[in-house]
Amino acid sequence: MATHGQDIQAVERDHLLQVYKRVPIVLTRGEGSYVFDIDGNAYLDFLSGIGVASLGHAHPGLAAAISEQARTLIHTSNLYFHPLQGQVGQRLASLSGLPRAFFCNSGTEAVEACLKFARRYWYTGGDRSRTRIVALERSFHGRTLGALSTTWEPGYRAPFEPLLQGVTFVSPTDPAALEAAVGTDVAAIIVEPIQGEGGVWPLSPAFSAAISAACARTGALLIADEIQCGLGRTGAPFYSATLGLRPDLMALGKALGAGVPVGAVMMSQAVADAVAPGDHGTTYGGNLLACRAALVFLDALEQGGLARVQVAGARLDDGLRALASRHPVITDVRGAGLMCGLEMTEAAATQVVSDAVTQRLLVNRTAGRVVRLLPPLNVSDAEIDDALRILEAVMTGLPA
(Lines give C-alpha, C1' and ligand atoms only; values in the text may rest on other atoms or scores of the structure.)
Protein backbone atom coordinates (compact mmCIF):
# COMPACT_ATOMS: atom_id res chain seq x y z
CA MET A 1 0.00 0.00 0.00
CA ALA A 2 1.36 3.41 -1.01
CA THR A 3 2.05 5.60 2.01
CA HIS A 4 3.91 8.58 0.50
CA GLY A 5 2.34 11.33 -1.54
CA GLN A 6 4.33 10.71 -4.70
CA ASP A 7 3.70 6.96 -4.48
CA ILE A 8 -0.06 7.53 -4.13
CA GLN A 9 -0.08 9.79 -7.17
CA ALA A 10 1.95 7.24 -9.14
CA VAL A 11 -0.52 4.44 -8.35
CA GLU A 12 -3.37 6.66 -9.57
CA ARG A 13 -1.50 7.44 -12.79
CA ASP A 14 -1.08 3.74 -13.43
CA HIS A 15 -4.55 2.51 -12.53
CA LEU A 16 -7.20 5.26 -12.57
CA LEU A 17 -8.97 6.80 -15.53
CA GLN A 18 -7.32 10.17 -16.04
CA VAL A 19 -10.38 12.42 -16.15
CA TYR A 20 -9.40 14.74 -13.28
CA LYS A 21 -6.76 17.47 -13.20
CA ARG A 22 -5.87 17.13 -9.54
CA VAL A 23 -3.99 19.59 -7.36
CA PRO A 24 -0.83 17.66 -6.39
CA ILE A 25 -1.55 17.31 -2.68
CA VAL A 26 -2.76 14.16 -0.93
CA LEU A 27 -5.41 14.82 1.72
CA THR A 28 -5.78 12.26 4.50
CA ARG A 29 -7.96 13.77 7.23
CA GLY A 30 -10.05 16.78 8.16
CA GLU A 31 -11.31 18.70 11.14
CA GLY A 32 -13.88 21.47 10.92
CA SER A 33 -13.00 23.84 8.10
CA TYR A 34 -9.51 22.34 7.71
CA VAL A 35 -8.11 19.39 5.80
CA PHE A 36 -4.65 17.92 6.33
CA ASP A 37 -2.29 16.44 3.78
CA ILE A 38 -0.20 13.31 4.12
CA ASP A 39 2.65 15.37 5.56
CA GLY A 40 0.45 16.94 8.24
CA ASN A 41 0.05 20.37 6.62
CA ALA A 42 -3.27 22.08 7.39
CA TYR A 43 -5.30 23.76 4.62
CA LEU A 44 -8.25 26.07 5.21
CA ASP A 45 -10.90 24.49 2.99
CA PHE A 46 -13.00 27.14 1.27
CA LEU A 47 -14.23 24.70 -1.36
CA SER A 48 -15.60 22.02 1.02
CA GLY A 49 -15.54 19.27 -1.57
CA ILE A 50 -17.33 21.54 -4.09
CA GLY A 51 -20.05 22.39 -1.60
CA VAL A 52 -20.47 18.87 -0.22
CA ALA A 53 -18.82 19.07 3.22
CA SER A 54 -21.57 21.37 4.42
CA LEU A 55 -20.83 20.77 8.11
CA GLY A 56 -17.07 20.79 7.65
CA HIS A 57 -14.91 17.74 8.14
CA ALA A 58 -15.14 15.03 10.81
CA HIS A 59 -18.22 16.67 12.29
CA PRO A 60 -18.70 14.90 15.63
CA GLY A 61 -22.48 14.59 15.38
CA LEU A 62 -22.34 13.28 11.83
CA ALA A 63 -19.53 10.86 12.66
CA ALA A 64 -21.43 9.48 15.64
CA ALA A 65 -24.68 9.11 13.69
CA ILE A 66 -23.24 7.30 10.68
CA SER A 67 -21.09 5.11 12.92
CA GLU A 68 -24.16 4.09 14.89
CA GLN A 69 -26.12 3.51 11.69
CA ALA A 70 -23.33 1.42 10.20
CA ARG A 71 -23.47 -0.82 13.25
CA THR A 72 -27.25 -1.12 12.92
CA LEU A 73 -28.31 -1.29 9.25
CA ILE A 74 -26.82 0.45 6.22
CA HIS A 75 -28.88 -0.74 3.28
CA THR A 76 -32.02 -2.74 2.51
CA SER A 77 -32.87 -1.70 -1.09
CA ASN A 78 -36.11 0.01 -2.00
CA LEU A 79 -37.97 -3.30 -2.01
CA TYR A 80 -38.71 -2.67 1.69
CA PHE A 81 -39.64 0.16 4.02
CA HIS A 82 -37.22 1.63 6.52
CA PRO A 83 -37.88 4.34 9.12
CA LEU A 84 -35.68 7.15 7.80
CA GLN A 85 -36.68 7.93 4.19
CA GLY A 86 -40.05 9.25 5.19
CA GLN A 87 -38.50 11.46 7.84
CA VAL A 88 -36.09 13.08 5.38
CA GLY A 89 -38.86 13.46 2.80
CA GLN A 90 -41.11 15.15 5.34
CA ARG A 91 -38.37 17.56 6.40
CA LEU A 92 -37.51 18.48 2.81
CA ALA A 93 -41.18 18.94 1.97
CA SER A 94 -41.51 21.38 4.83
CA LEU A 95 -38.46 23.36 3.68
CA SER A 96 -39.31 23.39 -0.03
CA GLY A 97 -43.10 23.46 -0.16
CA LEU A 98 -42.98 20.51 -2.56
CA PRO A 99 -44.74 17.53 -1.00
CA ARG A 100 -43.11 14.49 -2.65
CA ALA A 101 -39.52 13.23 -2.65
CA PHE A 102 -37.54 10.74 -4.68
CA PHE A 103 -34.08 9.80 -3.34
CA CYS A 104 -31.04 8.99 -5.44
CA ASN A 105 -27.26 9.17 -5.01
CA SER A 106 -26.11 12.45 -6.53
CA GLY A 107 -27.18 15.74 -8.00
CA THR A 108 -26.69 14.52 -11.54
CA GLU A 109 -29.01 11.60 -10.87
CA ALA A 110 -31.54 14.05 -9.47
CA VAL A 111 -31.43 16.07 -12.70
CA GLU A 112 -31.89 12.90 -14.76
CA ALA A 113 -34.94 12.04 -12.66
CA CYS A 114 -36.36 15.56 -13.05
CA LEU A 115 -36.11 15.32 -16.83
CA LYS A 116 -37.79 11.92 -16.84
CA PHE A 117 -40.58 13.01 -14.50
CA ALA A 118 -41.23 16.13 -16.59
CA ARG A 119 -41.57 14.00 -19.73
CA ARG A 120 -43.79 11.53 -17.85
CA TYR A 121 -46.07 14.33 -16.62
CA TRP A 122 -47.06 15.26 -20.16
CA TYR A 123 -47.19 11.66 -21.38
CA THR A 124 -49.59 10.77 -18.59
CA GLY A 125 -51.70 13.79 -19.46
CA GLY A 126 -52.04 12.55 -23.02
CA ASP A 127 -49.84 15.15 -24.70
CA ARG A 128 -47.05 13.30 -26.52
CA SER A 129 -45.84 16.49 -28.26
CA ARG A 130 -44.52 18.24 -25.14
CA THR A 131 -40.99 16.88 -25.05
CA ARG A 132 -38.81 19.94 -25.59
CA ILE A 133 -36.62 21.32 -22.77
CA VAL A 134 -35.48 24.93 -22.47
CA ALA A 135 -32.17 25.42 -20.65
CA LEU A 136 -29.83 28.34 -20.12
CA GLU A 137 -26.48 29.35 -21.50
CA ARG A 138 -23.75 29.06 -18.81
CA SER A 139 -25.70 26.17 -17.25
CA PHE A 140 -24.19 23.06 -15.72
CA HIS A 141 -26.51 20.22 -14.71
CA GLY A 142 -24.22 17.17 -14.77
CA ARG A 143 -22.33 14.79 -17.01
CA THR A 144 -24.69 11.86 -17.61
CA LEU A 145 -26.35 11.97 -21.02
CA GLY A 146 -29.63 13.62 -20.04
CA ALA A 147 -28.06 16.11 -17.64
CA LEU A 148 -25.29 16.79 -20.16
CA SER A 149 -27.91 17.53 -22.78
CA THR A 150 -29.06 20.49 -20.69
CA THR A 151 -25.50 21.64 -19.86
CA TRP A 152 -24.34 24.58 -21.96
CA GLU A 153 -20.55 24.25 -22.31
CA PRO A 154 -19.94 22.96 -25.85
CA GLY A 155 -16.64 21.36 -24.84
CA TYR A 156 -18.44 19.07 -22.42
CA ARG A 157 -21.11 18.16 -24.96
CA ALA A 158 -19.38 17.73 -28.31
CA PRO A 159 -17.55 14.42 -27.72
CA PHE A 160 -20.81 12.69 -26.73
CA GLU A 161 -23.27 13.95 -29.29
CA PRO A 162 -25.91 13.24 -30.40
CA LEU A 163 -27.42 13.89 -26.99
CA LEU A 164 -31.03 14.24 -25.89
CA GLN A 165 -32.91 15.90 -28.72
CA GLY A 166 -35.12 18.94 -28.36
CA VAL A 167 -33.06 21.07 -25.94
CA THR A 168 -33.05 24.82 -26.63
CA PHE A 169 -30.56 27.13 -24.89
CA VAL A 170 -31.31 30.78 -24.23
CA SER A 171 -29.25 33.55 -22.68
CA PRO A 172 -29.94 34.10 -18.96
CA THR A 173 -29.66 37.85 -19.60
CA ASP A 174 -32.37 37.99 -22.28
CA PRO A 175 -35.94 37.66 -20.98
CA ALA A 176 -37.33 38.22 -24.48
CA ALA A 177 -35.36 35.26 -25.81
CA LEU A 178 -36.85 33.05 -23.12
CA GLU A 179 -40.35 34.22 -23.98
CA ALA A 180 -39.74 33.43 -27.65
CA ALA A 181 -38.30 29.99 -26.90
CA VAL A 182 -41.06 28.70 -24.63
CA GLY A 183 -44.07 27.47 -26.52
CA THR A 184 -46.74 24.85 -25.96
CA ASP A 185 -44.35 22.10 -27.08
CA VAL A 186 -42.05 22.69 -24.07
CA ALA A 187 -42.19 20.12 -21.30
CA ALA A 188 -40.01 22.03 -18.86
CA ILE A 189 -37.62 24.90 -18.28
CA ILE A 190 -34.54 23.93 -16.25
CA VAL A 191 -32.54 26.58 -14.41
CA GLU A 192 -29.93 26.99 -11.69
CA PRO A 193 -31.12 29.91 -9.54
CA ILE A 194 -27.41 30.69 -9.14
CA GLN A 195 -25.34 29.27 -11.97
CA GLY A 196 -22.42 27.70 -10.15
CA GLU A 197 -20.01 26.10 -12.62
CA GLY A 198 -20.92 28.80 -15.12
CA GLY A 199 -19.32 31.49 -12.97
CA VAL A 200 -21.49 32.07 -9.86
CA TRP A 201 -24.20 34.05 -11.66
CA PRO A 202 -27.47 34.64 -9.77
CA LEU A 203 -30.46 34.93 -12.09
CA SER A 204 -31.75 38.49 -12.24
CA PRO A 205 -35.20 39.47 -10.96
CA ALA A 206 -36.22 40.39 -14.53
CA PHE A 207 -35.20 37.01 -15.90
CA SER A 208 -36.84 35.20 -13.00
CA ALA A 209 -40.07 37.06 -13.70
CA ALA A 210 -39.82 36.00 -17.35
CA ILE A 211 -39.48 32.36 -16.27
CA SER A 212 -42.59 32.60 -14.12
CA ALA A 213 -44.50 34.31 -16.91
CA ALA A 214 -43.48 31.70 -19.49
CA CYS A 215 -44.56 28.85 -17.22
CA ALA A 216 -47.89 30.55 -16.48
CA ARG A 217 -48.52 31.25 -20.18
CA THR A 218 -47.72 27.77 -21.50
CA GLY A 219 -48.04 25.42 -18.54
CA ALA A 220 -44.39 24.37 -18.94
CA LEU A 221 -42.98 22.81 -15.78
CA LEU A 222 -40.14 24.53 -13.95
CA ILE A 223 -37.15 22.47 -12.80
CA ALA A 224 -34.93 24.27 -10.28
CA ASP A 225 -31.43 22.81 -10.02
CA GLU A 226 -30.62 23.70 -6.41
CA ILE A 227 -27.79 21.19 -6.17
CA GLN A 228 -25.12 23.81 -5.46
CA CYS A 229 -27.06 26.88 -4.35
CA GLY A 230 -29.76 25.13 -2.30
CA LEU A 231 -30.05 23.73 1.21
CA GLY A 232 -28.99 26.86 3.01
CA ARG A 233 -25.86 27.87 1.13
CA THR A 234 -27.27 31.31 0.31
CA GLY A 235 -28.78 31.87 3.77
CA ALA A 236 -32.21 30.72 2.59
CA PRO A 237 -33.40 27.11 2.29
CA PHE A 238 -33.59 27.45 -1.51
CA TYR A 239 -32.58 30.36 -3.72
CA SER A 240 -35.46 29.82 -6.14
CA ALA A 241 -37.81 31.14 -3.45
CA THR A 242 -35.58 34.20 -3.01
CA LEU A 243 -36.15 34.92 -6.71
CA GLY A 244 -39.91 34.38 -6.45
CA LEU A 245 -39.78 31.18 -8.50
CA ARG A 246 -42.16 28.30 -7.78
CA PRO A 247 -40.63 25.11 -9.15
CA ASP A 248 -42.62 22.01 -10.01
CA LEU A 249 -39.47 19.91 -9.59
CA MET A 250 -36.28 20.57 -7.64
CA ALA A 251 -32.97 18.72 -7.89
CA LEU A 252 -30.92 18.44 -4.69
CA GLY A 253 -27.54 16.95 -3.84
CA LYS A 254 -24.13 18.09 -2.52
CA ALA A 255 -24.83 19.57 0.95
CA LEU A 256 -27.67 17.20 1.81
CA GLY A 257 -25.50 14.33 3.09
CA ALA A 258 -22.71 16.55 4.46
CA GLY A 259 -20.24 14.23 2.68
CA VAL A 260 -22.29 11.03 2.43
CA PRO A 261 -23.55 10.61 -1.16
CA VAL A 262 -27.26 11.39 -1.46
CA GLY A 263 -29.43 13.26 -3.94
CA ALA A 264 -33.13 14.00 -4.04
CA VAL A 265 -35.89 15.25 -6.27
CA MET A 266 -38.70 17.26 -4.72
CA MET A 267 -41.86 17.57 -6.78
CA SER A 268 -45.40 18.86 -6.79
CA GLN A 269 -48.29 16.52 -6.14
CA ALA A 270 -49.39 16.95 -9.75
CA VAL A 271 -46.06 15.66 -11.03
CA ALA A 272 -46.03 12.84 -8.49
CA ASP A 273 -49.52 11.78 -9.55
CA ALA A 274 -48.29 11.38 -13.14
CA VAL A 275 -45.52 8.92 -12.21
CA ALA A 276 -46.32 5.22 -11.96
CA PRO A 277 -44.58 2.37 -10.11
CA GLY A 278 -41.60 1.17 -12.17
CA ASP A 279 -41.11 4.47 -14.01
CA HIS A 280 -37.88 5.13 -12.16
CA GLY A 281 -35.76 3.58 -9.45
CA THR A 282 -32.40 3.17 -7.79
CA THR A 283 -30.62 0.45 -5.84
CA TYR A 284 -28.73 2.61 -3.34
CA GLY A 285 -30.88 5.74 -3.28
CA GLY A 286 -32.27 6.75 0.10
CA ASN A 287 -30.59 3.99 2.07
CA LEU A 288 -30.39 4.23 5.84
CA LEU A 289 -26.84 5.55 6.00
CA ALA A 290 -27.54 8.36 3.53
CA CYS A 291 -30.80 9.29 5.22
CA ARG A 292 -29.20 9.30 8.66
CA ALA A 293 -26.56 11.73 7.39
CA ALA A 294 -29.24 13.90 5.79
CA LEU A 295 -31.14 14.10 9.07
CA VAL A 296 -27.99 15.28 10.88
CA PHE A 297 -27.48 17.95 8.23
CA LEU A 298 -31.12 19.08 8.33
CA ASP A 299 -31.00 19.31 12.13
CA ALA A 300 -27.96 21.57 11.90
CA LEU A 301 -29.52 23.67 9.14
CA GLU A 302 -32.76 24.25 11.02
CA GLN A 303 -31.20 24.71 14.46
CA GLY A 304 -29.34 27.93 13.78
CA GLY A 305 -27.58 26.98 10.57
CA LEU A 306 -29.50 29.31 8.27
CA ALA A 307 -29.00 32.27 10.59
CA ARG A 308 -25.29 31.49 10.81
CA VAL A 309 -24.95 31.44 7.01
CA GLN A 310 -26.60 34.84 6.80
CA VAL A 311 -24.11 36.33 9.26
CA ALA A 312 -21.10 34.54 7.79
CA GLY A 313 -22.14 35.33 4.24
CA ALA A 314 -22.43 39.04 4.99
CA ARG A 315 -18.97 39.04 6.58
CA LEU A 316 -17.43 37.21 3.64
CA ASP A 317 -19.17 39.45 1.09
CA ASP A 318 -18.05 42.61 2.86
CA GLY A 319 -14.48 41.32 2.96
CA LEU A 320 -14.46 40.30 -0.70
CA ARG A 321 -15.85 43.66 -1.82
CA ALA A 322 -13.23 45.45 0.25
CA LEU A 323 -10.62 43.22 -1.38
CA ALA A 324 -11.95 44.14 -4.83
CA SER A 325 -11.75 47.85 -3.97
CA ARG A 326 -8.02 47.45 -3.31
CA HIS A 327 -7.22 45.12 -6.20
CA PRO A 328 -8.52 46.22 -9.61
CA VAL A 329 -7.68 42.79 -11.04
CA ILE A 330 -11.05 41.77 -9.50
CA THR A 331 -13.70 42.99 -11.94
CA ASP A 332 -16.81 41.60 -10.22
CA VAL A 333 -17.92 40.03 -6.94
CA ARG A 334 -20.97 37.77 -7.26
CA GLY A 335 -23.03 35.28 -5.34
CA ALA A 336 -25.11 35.04 -2.19
CA GLY A 337 -24.43 33.80 1.32
CA LEU A 338 -21.51 31.37 1.28
CA MET A 339 -21.49 30.91 -2.50
CA CYS A 340 -19.11 33.54 -3.87
CA GLY A 341 -17.24 34.25 -7.08
CA LEU A 342 -14.47 36.73 -7.88
CA GLU A 343 -14.16 37.49 -11.59
CA MET A 344 -10.80 38.45 -13.07
CA THR A 345 -8.67 37.49 -16.04
CA GLU A 346 -8.15 33.79 -16.64
CA ALA A 347 -4.43 34.13 -16.01
CA ALA A 348 -5.04 35.93 -12.72
CA ALA A 349 -7.64 33.40 -11.57
CA THR A 350 -5.26 30.54 -12.32
CA GLN A 351 -2.50 32.29 -10.37
CA VAL A 352 -4.74 33.05 -7.38
CA VAL A 353 -5.87 29.44 -7.02
CA SER A 354 -2.30 28.14 -7.33
CA ASP A 355 -0.83 30.69 -4.92
CA ALA A 356 -3.63 30.14 -2.43
CA VAL A 357 -2.68 26.46 -2.20
CA THR A 358 0.87 27.42 -1.31
CA GLN A 359 -0.60 29.67 1.41
CA ARG A 360 -2.71 26.71 2.63
CA LEU A 361 -6.09 27.95 1.36
CA LEU A 362 -8.24 25.81 -0.96
CA VAL A 363 -10.44 27.59 -3.52
CA ASN A 364 -10.97 26.77 -7.18
CA ARG A 365 -11.42 28.32 -10.60
CA THR A 366 -14.62 27.91 -12.54
CA ALA A 367 -15.80 29.23 -15.91
CA GLY A 368 -12.18 30.09 -16.63
CA ARG A 369 -12.16 33.55 -15.06
CA VAL A 370 -13.85 33.09 -11.68
CA VAL A 371 -12.30 32.19 -8.34
CA ARG A 372 -15.04 30.34 -6.46
CA LEU A 373 -15.49 30.08 -2.70
CA LEU A 374 -17.81 27.51 -1.11
CA PRO A 375 -16.77 27.22 2.56
CA PRO A 376 -18.56 24.95 5.01
CA LEU A 377 -21.87 26.39 6.19
CA ASN A 378 -20.60 26.47 9.79
CA VAL A 379 -17.37 28.35 8.96
CA SER A 380 -16.28 30.67 11.77
CA ASP A 381 -15.67 34.42 11.64
CA ALA A 382 -12.00 33.84 12.37
CA GLU A 383 -11.71 31.38 9.47
CA ILE A 384 -13.37 33.87 7.13
CA ASP A 385 -10.90 36.52 8.23
CA ASP A 386 -7.99 34.12 7.69
CA ALA A 387 -9.19 33.33 4.18
CA LEU A 388 -9.52 37.02 3.36
CA ARG A 389 -6.02 37.66 4.68
CA ILE A 390 -4.60 34.92 2.45
CA LEU A 391 -6.49 36.20 -0.58
CA GLU A 392 -5.15 39.69 0.14
CA ALA A 393 -1.64 38.30 0.14
CA VAL A 394 -1.99 36.38 -3.12
CA MET A 395 -3.75 39.28 -4.87
CA THR A 396 -0.98 41.72 -4.01
CA GLY A 397 1.15 42.31 -7.04
CA LEU A 398 -1.22 40.81 -9.59
CA PRO A 399 -1.52 43.11 -12.63
CA ALA A 400 -4.96 44.60 -13.29
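Below, the figures for the structure above:
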| read-out | value |
| --- | --- |
| Test set (1) loosely packed, with under 14 Cβ neighbours inside 10 Å; (2) in the same structural domain as Arg308 (by TED's automatic domain parsing); (3) among the polar types (S, T, N, Q); (4) farther than 25 Å from Thr108 by Cα - Ser67 fails condition number | (2) |
| Helices (runs of 4 or more DSSP H) within the stretch 114-232 that include 2 or more residues among the β-branched types (Val, Ile, Thr) and either farther than 20 Å from Arg334 by Cα or not assigned by TED's automatic domain parsing to the domain that holds Arg91 (or both) | 205-218 |
| Cβ pairs under 7 Å, 6+ apart, first in the stretch 1-23 and in contact (Cβ under 8 Å) with a residue 40 or more places away in the chain, second of a type outside the set (Gly, Ala, Ser) and in a helix (DSSP H, G or I) | Val23/Val357 |
| Flag if Gly263 is in the same structural domain as Gly97 (by TED's automatic domain parsing), in contact with a Gly (Cβ under 6 Å, 6 or more places away or on another chain) and on the phi < 0 side of the Ramachandran plot | yes |
| Number of the condition not met by Ser240 [criteria: (1) assigned to a helix (DSSP H, G or I); (2) touching a residue at least 60 places away in the same chain (Cβ under 8 Å)] | (2) |
| Residues (surrounded by fewer than 14 Cβ atoms within 10 Å (Cβ to Cβ) and either of a type outside the set (Asp, Glu) or assigned by TED's automatic domain parsing to the domain that holds Phe238 (or both)) located in the stretch 322-355 | Ala322, Ser325, Arg326, Pro328, Thr331, Ala347, Ser354 |
| Filter result (closer than 30 Å to Thr366 by Cα and either among the polar types (S, T, N, Q) or at pLDDT below 95 (or both)) within the stretch 28-86 | Thr28, Ser33, Asn41, Ser48, Ser54 |
| The listed residue being of a type in the set (A, V, I, L, M), surrounded by fewer than 14 Cβ atoms within 10 Å (Cβ to Cβ) and either without any contact (Cβ under 8 Å) to a residue 60 or more places away in the chain or outside the structural domain of Ile330 (by TED's automatic domain parsing) (or both), out of Ala314, Ala293, Ala274 | Ala314 |
| Close pairs from the stretch 89-110: first farther than 21 Å from Leu245 by Cβ, partner of a type in the set (S, T, N, Q) and assigned to a helix (DSSP H, G or I), Cβ under 8 Å, at least 6 apart | Phe103/Gln85 |
| Within the stretch 188-207, considering residues that are over 17 Å from Gly337 (Cβ atoms) and surrounded by fewer than 24 Cβ atoms within 10 Å (Cβ to Cβ), the one nearest to the chain's Cα centre (by Cα) | Glu197 |
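Yes or no, residue by residue, for (1) surrounded by fewer than 17 Cβ atoms within 10 Å (Cβ to Cβ); (2) in contact with a helix residue (DSSP H, G or I) (Cβ under 7 Å, 6 or more places away or on another chain):
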residue	(1), (2)
Ser48	no, no
His57	no, no
Tyr80	yes, no
Arg100	no, yes
Val111	no, yes
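The values are calculated or read from the model by the stated rules, or taken from the named source; none is laboratory data. As the structure is a computational prediction, the values presented were derived from the model and not from experiment. So basically every Cβ, Gly included, is an ideal-geometry build from the backbone, and we count neighbours across all protein chains shown.
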